[in-house]
Each structure stands twice: as structure tokens, then as C-alpha cells.
1. Could you check how many residues of the stretch 147-176 are touching a residue at least 12 places away in the same chain (Cβ under 8 Å) and hydroxyl-bearing (S, T, Y)?
2. Identify the single condition in (1) surrounded by fewer than 19 Cβ atoms within 10 Å (Cβ to Cβ); (2) at pLDDT below 95; (3) farther than 30 Å from M80 by Cβ that A182 does not satisfy, given that it satisfies every other one.
3. Quick test of your reading of the structure: T85 fulfils all but one of (1) over 23 Å from I154 (Cα atoms); (2) within 16 Å of ligand 1 (Cβ to nearest atom); (3) surrounded by 15 or more Cβ atoms within 10 Å (Cβ to Cβ); (4) modelled with pLDDT under 95. Name the failing condition by number.
4. Suppose we keep only residues that are surrounded by fewer than 18 Cβ atoms within 10 Å (Cβ to Cβ) and part of a strand (DSSP E or B) within the stretch 30-62. Which one would you say is nearest to ligand 1 (Cβ to nearest atom)?
5. Filter the stretch 38-60 for residues that are more than 15 Å from A83 (Cα to Cα) and under 14 Å from the mean Cα position of the chain (by Cα) and give the result.
Amino acid sequence: MTTAVLQLEKLCKSFGGVHAVRDLSFSVGHGEILGLIGPNGSGKSTTVNALAGVFPVTSGEILLAGGHIQTLPEYERVSMGLARTFQTASTFAEFSVRDQVRLGCNVTLKSHPLSSVFGIGRHPGENEVIDRRIDDILDLTGLAGVGDEKVATITAAEQRFLMIATALASNPKVILLDEPAAGLVSHERKALADVIRGIRDTGVSVLVIEHHMALIMEVCDRIVVLNFGSKIAEGTPDEIRSDQAVIDAYLGEAV
Ligand SMILES: Nc1ncnc2c1ncn2[C@@H]1O[C@H](COP(=O)(O)OP(=O)(O)O)[C@@H](O)[C@H]1O
Ligand SMILES: [Mg+2]
């Protein structure tokens, strides 16, 4: 059995009296795409935010590559290999697409953070290594053609892929995607599926939250289903599709 990249052990998160996530355990394996689905309010975003370190967990454990991270601040989790995208854009409109991705490289640099954009004060050879990495990431996310465009001028879909590109720049072991298909049309969702598989093929594990079931069923190796903060099922897309508890709680007759 391979060790998990990311592991949750009996994770609980309460907000006052609201048990947003209860006793949640699952793991993401090396090179695995894991889907996290469930009705609105079932605790998906709370899980991702707890993993990323946005707020402390109420109880339970989070392990990244076997090490406990649940008490570490957000930036340390990023530098240890846990990257995430946000549901809303946090980009710099006047930056080029390349420079926005370059900013994301900061956490793994030895040089001063500001040198990532201005290219000064770098360790020898670092600029070239980073430029190559940015090229690879732009290729992987389908943004190679707009690398020199200003962030403000690219399409909404490209901005969304840029957020994934920026998260990839930190050289993660696992990337958390919270509703990456929101607002995308059919051919953009297809491109997203290719990007997610491409990320996995580079050896980065993916945890994806998504309402778009066709996308989830197509790309995920395994799926975890939440309802009222608890896991109600876990399995392959085929197993999840035919799981009566999942159909009752979430899927209905549609899938
Ligand atoms: N910051 C917060 N303060 C209070 N309650 C919250 C907060 N974030 C989420 N919740 C509650 O936790 C539950 C799970 O929410 P969430 O994780 O956002 O669900 P999902 O992403 O699956 O739609 C909901 O009942 C929600 O109202
Ligand atoms: Mg959510």
C-alpha cells in the first residue's frame, strides 16, 4: 500500500453550535484525483479551509506526506506542499500572466520575495530555472498563448486557469481545487478536465470539490461524499453513482 499524500483523521470543525465537519477521515493517495462532493452546506469548503489552515480545527489530525500539519500556519503548509485555489480571483490586474505565476513561485525561492518579479538578487541560475518552470505551468494550464497578456485582459475562464497555475507555482505535492468549474461553459469544462488530469500526470495529487457531476465522474479516481458534515460514502465513480445513500442525499435520479 502506498502512503497517502494527504490524510485527515477524525477531523471536526464547529462554528459555535454548528458542526460543519464531523469525524471526517479520508486520504488522498500519490497521483490520485479525489473528488469531494455533497449538498450545499455539507462541509466541503470548511474541509478545504481547515486543510489549508484558514482556521484551526476543533479536533482531529491532518497529515501531509506523513507529517502533522494541523497546527501550522497557512504559509508553512504551502511551503510544505499543500496548495489551494480560491473561489474568488485574487490576481493583480496590471501584472502579466507570467508575472502572476512568478509570484506564486515565491514560497520555494531562496532569494528575497520581491526578486521574483524584478529578477534581481537571485541565486545563480535561479531565474532560468524559474522561467522554465513557469513555461511548464503555462503549458500545463493552457495559458502559454497569453503569457505576456495583462491579467486584466484575459477571459474569465483564463483567469480561473491562472489561479490554478499560480497555485501550481508553489511546487505542491497536493492541490486543493474548490469549485474550479463554476462559471465555465462546456468546452472550458472539458479543458479543465484535461488540466486536472495533466496536473495528476506530473505527480501532483488533486482534491477537487465540484458540483458539476459529469466532470467529477469523468476525472476522479475516487470520490468522498459529505452530508451534514459527515462522510456518507467513499468509492469509485461507479460505486458512488449507484450508492443509494448518495442518491437519496444528493444525486437524485439525475446521474
Ligand atoms: N465561517 C463560518 N461561520 C459560521 N458557520 C459557517 C462558517 N463557514 C461555514 N459555516 C457553516 O458550516 C456548514 C458547512 O458550510 P460549507 O463548508 O461552506 O459547506 P459547502 O462548501 O459544502 O457548501 C454550513 O452550515 C455553514 O453555514
Ligand atoms: Mg463551498
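The values are calculated or read from the model by the stated rules, or taken from the named source; none is laboratory data. In this text, all values refer to a predicted model and were calculated from it rather than measured experimentally. Virtual Cβ from ideal backbone geometry, glycine too; neighbours counted across all protein chains shown.
1. The total comes to 2.
2. Failing condition for A182: (3).
3. Going through the list (1) over 23 Å from I154 (Cα atoms); (2) within 16 Å of ligand 1 (Cβ to nearest atom); (3) surrounded by 15 or more Cβ atoms within 10 Å (Cβ to Cβ); (4) modelled with pLDDT under 95, T85 breaks only (1).
4. So, considering only residues that are surrounded by fewer than 18 Cβ atoms within 10 Å (Cβ to Cβ) and part of a strand (DSSP E or B), the one nearest to ligand 1 (Cβ to nearest atom) is S59.
5. Within the stretch 38-60, K44, T46 qualify.
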